[in-house]
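The values are calculated or read from the model by the stated rules, or taken from the named source; none is laboratory data. Keep in mind it's a predicted model, so treat the numbers as computed, not measured. Cβ placement follows ideal geometry from the backbone for every residue including glycine, while neighbour counts extend to all protein chains displayed. Calculation scope for accessible area: heavy atoms of the full protein, side chains included, ligands and nucleic acids excluded. Shrake-Rupley method; radii C 1.70, N 1.55, O 1.52, S 1.80 Å.
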Amino acid sequence: MKLYFVRHGKAQTADGSTPDHDRQLTTDGAARMQTEARVMARLGIKPDRIYSSPRVRALQTAEIIGKAVKTPVEIREEVNFDFDMSAVKALTQGLANEAEIMFVGHNPSMEVVLHQLTGADVMMKVGSLARVDTSTPNSAQHGYLIWLIAPRVFD
């Protein structure tokens, strides 16, 4: 199984004027995610499912990607701030070994899950994209970090 992890794009500053749940992508953040999404499509990344945190900045990021790769986005609370290995297991349970699943969410949980899956210490900057391949059929308990792309690479 191929698992993709995306940290949402650059969002409005948390200044207290907008509730955290409602913070949107900045104009620059949305533009960078559109570029990133076009690159994903050109690379042939086409997840079978895209699961997004319900927070606006993550959902906007997921929708930009979903449109480019022609995959609908499913909002899942499991991908919110408390995203963890149990969420990965639950959201991949029963899927084909060849399935490709994308999670769009937040830090620090993205970095923690990547570490738990692979043992790698990674830094997921806003807009980062990682791919992990699971090591055993129907298992999202252990995997290999295939690559991590920093957002500047997409520029």
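What the table below lists for this structure:
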quantity	calculated
In region 107-148, the residues that are small (Gly, Ala, Ser) and either modelled with pLDDT under 95 or outside any strand (DSSP E or B) (or both)	109, 119, 120, 127, 128, 135, 139, 140, 143
Close pairs (9 angstrom Cβ cut-off, 6 or more residues apart or separate chains): open to solvent by less than 30 Å² (accessible area, probe 1.4 Å) in region 23-42, outside any helix (DSSP H, G or I) and among the aromatic types (Phe, Trp, Tyr) anywhere	40/4
Residues located in region 106-121, provided they are of a type in the set (Gly, Ala, Ser) and touching a strand residue (DSSP E or B) at 6+ places or on another chain (Cβ under 9 Å)	119, 120
Qualifying residue in region 133-147 (condition: within 24 Å of residue 60 (Cβ to Cβ), aliphatic (A, V, I, L, M) and either without any contact (Cβ under 8 Å) to a residue 60 or more places away in the chain or open to solvent by less than 30 Å² (accessible area, probe 1.4 Å) (or both))	no
Residue in region 51-79 that is farthest from the chain's Cα centre (by Cα), counting only those that are assigned to a loop (DSSP other than H, G, I, E, B) and farther than 15 Å from residue 9 by Cα	70
Residue check for residue 113: over 20 Å from residue 29 (Cβ atoms) and either touching a residue at least 40 places away in the same chain (Cβ under 8 Å) or surrounded by 20 or more Cβ atoms within 10 Å (Cβ to Cβ) (or both)	yes
Count of residues meeting criterion [within 22 Å of residue 68 (Cα to Cα) and loosely packed, with under 15 Cβ neighbours inside 10 Å] in region 96-110	1
Test result for residue 65, closer than 14 Å to residue 4 by Cβ and in contact with a Gly (Cβ under 8 Å, 6 or more places away or on another chain)	no
